[in-house]
Amino acid sequence: MEFNWGLMFSSYAAVFTPGILFMICVGTTAGIVIGALPGLTATMGVALLVPLTFGRPPLESLSMLMGIYCGAMYGGAISAILIRTPGTPAAAATVMEGYPMAKRGEAGRAMAMALFASFFGGVVGAVIMTFASPFISSIALEFGPVEYFALAIFGLSVIISISGRSLIKGMMAGFFGLLISAIGFDPISGFPRFTFGMVEMMEGPPFIPTLIGLFAVSEVFNEVQKSGVTQQVKAKLDQYLPSWQDIKYCFRELCRSSIIGTVIGAIPGAGGDIAAFISYGEAKRASKNPERYGHGEIEGLAASECANNSCSGGAMIPLLSLGVPGDAVTAVLLGAFVIQGLQPGPMLYKEHIDIVYQIFASMMLAQFAMQFIGMAGIQLFARVIMVDRAILTPAIFVLSVVGAFAMRSNIFDVYTTLAFGILGYVMTRYDYPLSPILLALILGPMAEANLRRAMVISGGDPSILVSRPIAIGLMVLAVISLILSIRGHQKVEARMAEMEAQFEKAVAD
């Protein structure tokens with residue numbers, strides 16, 4: 001596709017009209033609200049509001065859906081930071097740094113950085129989508145079972161970076177996540193495994209209820225256990241944008257995470273959750289202060305939020321160029337395109353290039369709408385942390401149960417949420433990290449299914465795993481990431497031991 005600057009400017013002019021801007025703002029606002037509510041994912045938000053586009057012109061309809069998509073990707077960070085409940089799976093990595101910041105009274109600062117990082121990543125993703133979609137699509141088209149397995153292994157190497165103080169406990173949590181990810185239908189033979197005859201377990205542990213249970217319900221149990229000693233948190237509400245010092249401090253990670261998120265988003269079947277965890281792990285590995293991670297490090301928050309929002313632009317690349325959805329949200333968007341009489345793929349660039357450029361423009365303007373609407377709501381959002389815990393804790397529990405039930409309207413999902421809530425509470429009490437379980441649940445099925453597909457293709461010859469250049473590159477990156485993460489973990493341990501020794505010496509003196 002040869003880039004046409006004249007058509008680009010005319011597309012922005014077509015989008016930059018009161019009617020289209022209004023639809024983008026409505027979609028973005030709805031997306032932020034949907035993303036902030038646990039259980040209502042970006043996929044569900046787009047699916048619920050697609051019927052509102054029936055009978056409307058393609059540009060109006062698709063602009064509103066772009067707004068919903070972008071808004072929901074940011075909205076998940078709101079509940080992740082304030083109540084330790086990721087509103088969307090892509091915000092799961094945001095919990096690790098965002099919630100500790102909120103607990104120490106920096107909810108406003110965390111919200112401001114999350115919003116700016118979301119905007120930054122979304123703009124970079126939209127720019128790359130606009131100028132490099134054919135090139136990136138050609139690379140994504142090369143991904144087969146071997147490359148997907150290598151990508152999953154590279155993602156799993158991040159477990160060391162998110163293991164907290166104890167590497168052994170982090171690995172145990174990761175292996176436990178891989179174990180429970182094997183529940184359900186065998187990906188090749190279709191035979192049910194470890195289901196104990198329960199129909200509800202045929203598809204494996206439901207992801208959203210598991211996510212809500214591990215992070216939200218476990219925190220509710222923890223608050224109940226501390227009842228009577230929890231102090232009121234005072235949040236600073238005077239920030240709408242991060243400080244210049246914070247932006248300078250995080251700028252390197254913002255740039256790196258934007259590229260990581262866009263590239264991973266362009267790989268069909270990946271998604272914002274994988275991009276966020278990989279970016280978070282890379283940020284911690286490259287950080288000069290890795291010991292701060294897990295205790296409210298704003299750099300880690302910026303990395304995860306930037307990656308999951310740039311992923312939205314990346315996921316649109318294979319959809320528009322190849323007609324292949326990049327993630328679950330773009331799979332729903334594919335249906336919306338068809339409803340409007342548009343068939344994504346190479347012919348879309350030939351027959352409706354004007355629509356393609358208008359989608360690029362609406363995606364970019366949705367990022368600006370998200371920034372302004374998010375700034376307008378920061379004070380309201382951050383006030384949540386100041387609510388009396390005696391009121392907030394039961395409200396979180398009710399919201400968690402409703403969110404778990406809303407996904408499939410199945411009471412079994414509520415039981416799953418409570419079970420994982422108890423598990424998360426016990427693990428937290430004994431300093432076992434929860435994030436490795438979640439990462440293993442995301443990447444375990446991808447690794448297993450694609451490894452076995454590769455073995456079927458090769459007739460059982462394992463050399464196929466190192467027969468393709470992209471796979472080799474990802475495997476090498478995984479090994480490098482493991483080595484550097486282990487070295488970084490050792491440095492953190494040494495630095496923490498030194499700080500504890502200094503503290504004990506000061507007390508003794």
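The values are calculated or read from the model by the stated rules, or taken from the named source; none is laboratory data. Just so you know, these numbers come straight off a predicted model, no measurement behind them. Note that we place each Cβ from the backbone using ideal geometry, even for glycine, and neighbour counts take in every protein chain shown. Accessible surface is based on the protein model in full, side chains and every heavy atom, while ligands, DNA and RNA are left aside. Shrake-Rupley method; radii C 1.70, N 1.55, O 1.52, S 1.80 Å.
Tabulated results
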read-out: Residue pairs meeting the criteria (Cβ under 7 Å; at least 6 apart or on separate chains; first touching a residue at least 12 places away in the same chain (Cβ under 8 Å) and open to solvent by 50 Å² or more (accessible area, probe 1.4 Å), in segment 415-432; second in a helix (DSSP H, G or I) and charged (D, E, K, R)); value: 431/169; 432/169
read-out: Tabulated pairs, segment 23-51, first farther than 20 Å from residue 95 by Cβ, second open to solvent by less than 10 Å² (accessible area, probe 1.4 Å) and charged (D, E, K, R), C-beta under 7 angstrom, 6+ apart or interchain; value: none
read-out: Flag if residue 106 is buried (at least 23 other Cβ atoms within 10 Å of the Cβ), out of contact with any Ser or Thr (no Cβ under 8 Å at 6 or more places or on another chain) and acidic (Asp, Glu); value: yes
read-out: Only listed residue being closer than 30 Å to residue 334 by Cα and crowded, with 23+ Cβ neighbours inside 10 Å, chosen from 71, 98; value: 71
read-out: Condition broken by residue 351, with the remaining ones in (1) at pLDDT below 80; (2) crowded, with 20+ Cβ neighbours inside 10 Å; (3) more than 21 Å from the chain's Cα centre (by Cα) satisfied; value: (2)
read-out: In segment 100-146, the residues that are over 21 Å from the mean Cα position of the chain (by Cα) and modelled with pLDDT of 85 or more; value: 145, 146
read-out: So residue 150, is it at pLDDT 85 or above and within 18 Å of residue 478 (Cβ to Cβ); value: yes
read-out: Matching residues, segment 55-107, being of a type in the set (A, V, I, L, M, F, W, C) and part of a loop (DSSP other than H, G, I, E, B); value: 92, 93
read-out: Checking residue 22 against (1) open to solvent by 40 Å² or more (accessible area, probe 1.4 Å); (2) under 19 Å from residue 341 (Cα atoms), the condition it does not meet; value: (2)
read-out: Of residues in segment 464-486 being more than 24 Å from the chain's Cα centre (by Cα) and either at pLDDT below 75 or buried (at least 17 other Cβ atoms within 10 Å of the Cβ) (or both), the one nearest to residue 142 (Cα to Cα); value: 468
